[in-house]
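The values are calculated or read from the model by the stated rules, or taken from the named source; none is laboratory data. Since the structure is predicted, the reported quantities are computational estimates derived from the model, not experimental observations. Backbone-built Cβ (ideal geometry, glycine too); neighbour counts: all protein chains shown. Just so you know, the surface numbers come from the protein's heavy atoms only, side chains and all, with ligands and any DNA or RNA stripped out. Shrake-Rupley method; radii C 1.70, N 1.55, O 1.52, S 1.80 Å.
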Amino acid sequence: MTAFADAARLRDRLKTWATEAAYPLWWRVGADPAGGFFEKLSLEGKPVEGPRRGRVLPRQIYSYSVAGALGWTGPWREAVEHGLSFYLSAYRRPDGLFRTLVAADGASLDDTATLYDQAFSMFAAANVARVAPERADAMRALATQVRATLVATRKHPRGGFYLTDPPSPPQGSNEHMHLLEACLAWSEIDNDPVWRALADEIAELTLAKFIQPESGMLREFFDLDWNPAPGREGRICEPGHQFEWGWLLLRWGKLKGRADATAAALRMIEAGETHGIDLENGVAINALLDDFSVADANARLWPQTERIKAAALAAEITGEPRWWAMAAAGAEGLMAYLRTPIPGVWRDKLQPNGDFIDEPAPASSFYHIVCAIVELDRAVSAAS
């Protein structure tokens, strides 16, 4: 079997898992009748009560916005509206930004408006606008207001944004990665040139400051002037983000016709695959240092999904079979996390000894899984 055929076979298995197990379960059990979605389900498929983070609900909204396209025939539009109505009523502050934490009844537990959470508010809004034309104008207004407020209050003079108001170190690349994701999502459906201009700014900042030119590794933490953070913190690189940033820069490089961005992205992905894989368990690990030494040998679920996305797009752009082999390896790695007593939930943390930590499935991972399936499906279909 060729690497492409292997990737296509695993694409089919992942789509079946999503449409026959995950989407029905997280709607039937994971949706809170009082509003929104539960943060976690037990491995037996039961809801776990607890506070609700502002970064999770927009991810669930996204996940259900693509459910119909992936082949789920359930009430995905109702699921999107169910999530969106609670999100807008419970999380939105008077200034239009979104708070970071609420109780199950929607009461504010932390009114902070993190840059990370604002990125996901704009990302969710773009996906709602894409699948619900009747909501498009309202979603565009929402995202534009969030963007304008960030520009007015958080803009960094050297590119990007401060994470907090007032600024406080460290600065992070991760938040900007999700801002780029949101800007690209809006650029695909909206003619507002500010989205593309902001995407350009973040991509240029990444090429100039985030990526180490010597190694192709991407740093996570910086000081307030975009220099690497002092000490060990400034040396941390995450294989999952090598893949996720690589995927986004491949998209941006293709959009702009920028061969330098494409080359940098492929180098990042290669570095993550070469140095960030636990070969015994077949999974991407959590963290390295900038000399490629292991900083955290555990392996969460989400890096596996980013490995798939990066490889699938690299295969499509380059035509090289080795990237299909990487996509298939990533999908095989991910499947291990999905083998649970009740189909539709997942394991989140794999230890170096090959044992998973026994804990509930976090809803936050659904977005990562779904996005990987969408990208693998798109790339396989394009190559078929």
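For segment 86-94, state whether one or more residues are open to solvent by 30 Å² or more (accessible area, probe 1.4 Å), part of a helix (DSSP H, G or I) and modelled with pLDDT of 95 or more.
Looking for residues that are open to solvent by 30 Å² or more (accessible area, probe 1.4 Å), part of a helix (DSSP H, G or I) and modelled with pLDDT of 95 or more, one finds at least one in segment 86-94, hence yes.
Anything in segment 15-51 that is of a type outside the set (F, W, Y) and touching a Leu at 6+ places or on another chain (Cβ under 7 Å)? List them, or say none.
K15, A18, T19, V29, G30, G36, G45, P47, V48, P51
For segment 27-47, which positions are surrounded by 20 or more Cβ atoms within 10 Å (Cβ to Cβ) and of a type in the set (A, V, I, L, M)?
Those that are surrounded by 20 or more Cβ atoms within 10 Å (Cβ to Cβ) and of a type in the set (A, V, I, L, M): A31, L41.
Listed here are the residues, each with its yes/no results for (1) modelled with pLDDT of 95 or more; (2) closer than 11 Å to Y116 by Cα; (3) open to solvent by less than 10 Å² (accessible area, probe 1.4 Å).
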residue	(1), (2), (3)
P166	no, no, no
M177	yes, yes, yes
E181	yes, no, yes
A185	yes, no, no
E188	yes, no, no
D192	yes, no, no
R196	yes, no, no
D200	yes, no, no
A203	yes, no, yes
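For the list (1) out of contact with any Pro (no Cβ under 7 Å at 6 or more places or on another chain); (2) crowded, with 20+ Cβ neighbours inside 10 Å, I need the number of the one condition that G50 fails.
(2)
Among the residues of segment 341-348, is there at least one that is more than 22 Å from P24 (Cα to Cα) and of a type in the set (A, V, I, L, M, F, W, C)?
The answer is no, given that none of the residues of segment 341-348 is more than 22 Å from P24 (Cα to Cα) and of a type in the set (A, V, I, L, M, F, W, C).
Only one residue in G282, G240, G253 is buried (at least 19 other Cβ atoms within 10 Å of the Cβ), under 23 Å from Y337 (Cα atoms) and of a type outside the set (A, V, I, L, M), so which one is that?
G240
All but one of (1) open to solvent by 20 Å² or more (accessible area, probe 1.4 Å); (2) of a type in the set (V, I, T); (3) within 19 Å of the chain's Cα centre (by Cα) hold for T305; which doesn't?
Looking at each condition in turn, T305 falls short on (1).
Could you list all residues from segment 39-60 that are farther than 22 Å from P75 by Cβ, in contact with an Asp or Glu (Cβ under 8 Å, 6 or more places away or on another chain) and assigned to a loop (DSSP other than H, G, I, E, B)?
Residues satisfying the conditions are L43, G50, P51, G54, R55.
Do the conditions hold for G216, that is, is it modelled with pLDDT of 95 or more, out of contact with any Leu (no Cβ under 6 Å at 6 or more places or on another chain) and either at positive phi or open to solvent by less than 10 Å² (accessible area, probe 1.4 Å) (or both)?
Criteria not met by G216.
Open to solvent by 60 Å² or more (accessible area, probe 1.4 Å) and in contact (Cβ under 8 Å) with a residue 24 or more places away in the chain: is that true of D358 in this structure?
Judged against the criteria, D358 is a match.
If I ask for residues that are touching a residue at least 40 places away in the same chain (Cβ under 8 Å), more than 21 Å from V345 (Cα to Cα) and open to solvent by less than 50 Å² (accessible area, probe 1.4 Å), which ones from segment 1-26 would you list?
Answer for segment 1-26, where residues must be touching a residue at least 40 places away in the same chain (Cβ under 8 Å), more than 21 Å from V345 (Cα to Cα) and open to solvent by less than 50 Å² (accessible area, probe 1.4 Å): A3, D6, A7, A8.
Could you check segment 220-271 and list, in sequence order, the residues that are assigned to a helix (DSSP H, G or I), touching a Phe, Trp or Tyr at 6+ places or on another chain (Cβ under 7 Å) and not acidic (D, E)?
G234, G240, A261, M268, I269
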